[in-house]
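Read the structure below first, then the notes.
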Amino acid sequence: MVSLEDVRKAQERIENVIHKTPIITSSLLNERCDLQIFLKAEHLQKTGSFKIRGATNAVKQAMAEGARFITAASSGNHGQAVAYIAGQLGIPAAIVVPKDANRAKVEAIKAYGAKVEYCGTTSAERIPRAKQLAEDNSGIYIPPYDHPAVIAGQGTVGLEILEQLPDIGAIVVPVGGGGLIGGILCAVKFLKPEVRVIGVEPETANDTFLSLQKGIITAISGTSTIADGLRTSQPGDLTFPILREHLDELVLVSETEIKEAFQFLLERTKQLVEPSGATALAAVMSGKVSAANEKVAVVLSGGNIDLHQIPDFLNS
């Protein structure tokens, strides 16, 4: 289990790299939902998502342990984060991406200075290759969520929310592999156990929801949700026990509800947030989060998006 002390050490380790992201409010949003809502703007974080927190903590820890090469298996936010921090720290990195990876995301990884290797189309193909590259080069493989240093780094989002909003009543967080919400739980539930932490998954990517229902890690087949950052097949071996013990509630949202949240953020708040990052707000806007007389923090987890796809994310 990741401890509060682990999260605090991570905060010290990464503070000179990351942004302390702002809290955004919208009177229109508050009126529409009849709640006091505070948007934690991780889409304005370096590399465009919260992932830089865990990546920075893990890479710095790996270097302290003697690593001279870093690998990851991701074409998305995690790959970009690992590439960025490796470049900033001057350590070579290779990111293994699928053969059909989005060109814009691959170019971003290259722009941060990492080498890119294409391998297969599934994580089952990419991960072994990334691990092999690490082994061949006396390096360390950094997983996207199921790693203590990654979880602790993501938990710094929770510390910041408590610092910025000391009287917060609930925190709503998107759930993929569980690294972000697991880290937030490790921070918040040890400091302020009365604060409710609510997870949100797409209806078609409900592996954590099913796992919590059954009490064991349960895998699902592939999903086509527009929230591509939440398309994990199952929660992590490290993250799931944290959620099972500490999570207050997990709700599901539809593709239409995610689109509504995405469109509201773009039109009304002028914030470009990727569908994965808008998923937590979708739960609030659809009335699936009850928080009478409470201040509610909603984590906007990322903003990396292919601009050509925006029409696909709008309700007709």
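Nothing in this text is a laboratory measurement; each read-out follows from the coordinates by a stated rule. Since this is a predicted model, take the numbers as computed values, not measurements. For neighbour counting, all protein chains shown are included, and Cβ atoms are generated from backbone atoms with ideal geometry for every residue, glycine included.
Annotations
- Counting charges near Leu29 (Lys, Arg +1; Asp, Glu -1) among other residues having Cβ under 14 Å from its Cβ returns a value of +1.
- All Cα-Cα distances of region 68-138, cut into 10 Å bins from zero to the largest, leave 25, 57, 18 percent in each bin in turn.
- Interchain or long-range residues, amide H under 5 Å from Gly120's placed H: Lys99
- Antiparallel DSSP beta bridges within region 1-155, percent to nearest 5: 15
- In the chain, taking the dipole from charged Cβ atoms about the Cα centre, the farthest positive-side position among Leu185, Phe209, Ile109 is held by Ile109.
- GNM result for the chain, Cα springs below 10 Å: residue of Asn30, Asn293, Asn137 fluctuating most strongly: Asn293
- Considering only Gln234, Val96, Gly153, the residue lying farthest towards the positive end of the dipole of the chain is Val96, judged by Cα position with unit charges set on Cβ.
- Magnitude of the charge dipole, the chain, Cβ model with Lys/Arg +1 and Asp/Glu -1, debye to 20: 680
- Placing +1 on each Lys and Arg Cβ and -1 on each Asp and Glu Cβ, with no other charges, gives region 68-138 a dipole about its Cα centre of roughly 100 debye.
- Here is the list for region 92-180: trypsin sites (Lys or Arg not before Pro) lying in DSSP coil, each with at most 15 other C-beta atoms within 10 angstrom of its C-beta, are Lys99.
- Arranged from fewest to most other beta-carbon atoms within 10 Å of their beta carbon, His43, His246, His147 become His246, His147, His43.
- Counting only DSSP H runs of at least 4 residues, each contributing -39500 (n - 2.57), and dividing by the residue count of the chain, the helix-based mean residue ellipticity at 222 nm comes to -13000 deg cm²/dmol.
- For region 45-181, the relative contact order comes to 28 percent (Cα pairs under 8 Å, sequence separation of at least 6).
- Angle between the chain longest axis and helix 77-89 axis [Cα atoms, degrees, rounded to 10]: 50
- Annotation: the chain has a Kirkwood hydrodynamic radius of 19.2 angstrom, from the mean reciprocal C-alpha pair distance.
- Cα long-axis angle, helix 179-191 against the chain (0 to 90 degrees, to the nearest 10): 60
- Mean Cβ neighbour count within 10 Å, used as a protection proxy, ranking 173-185, 152-164 highest first: 173-185, 152-164
- 0 to 90° range, to nearest 10: angle between helix 4-14 axis and the chain longest Cα axis: 60
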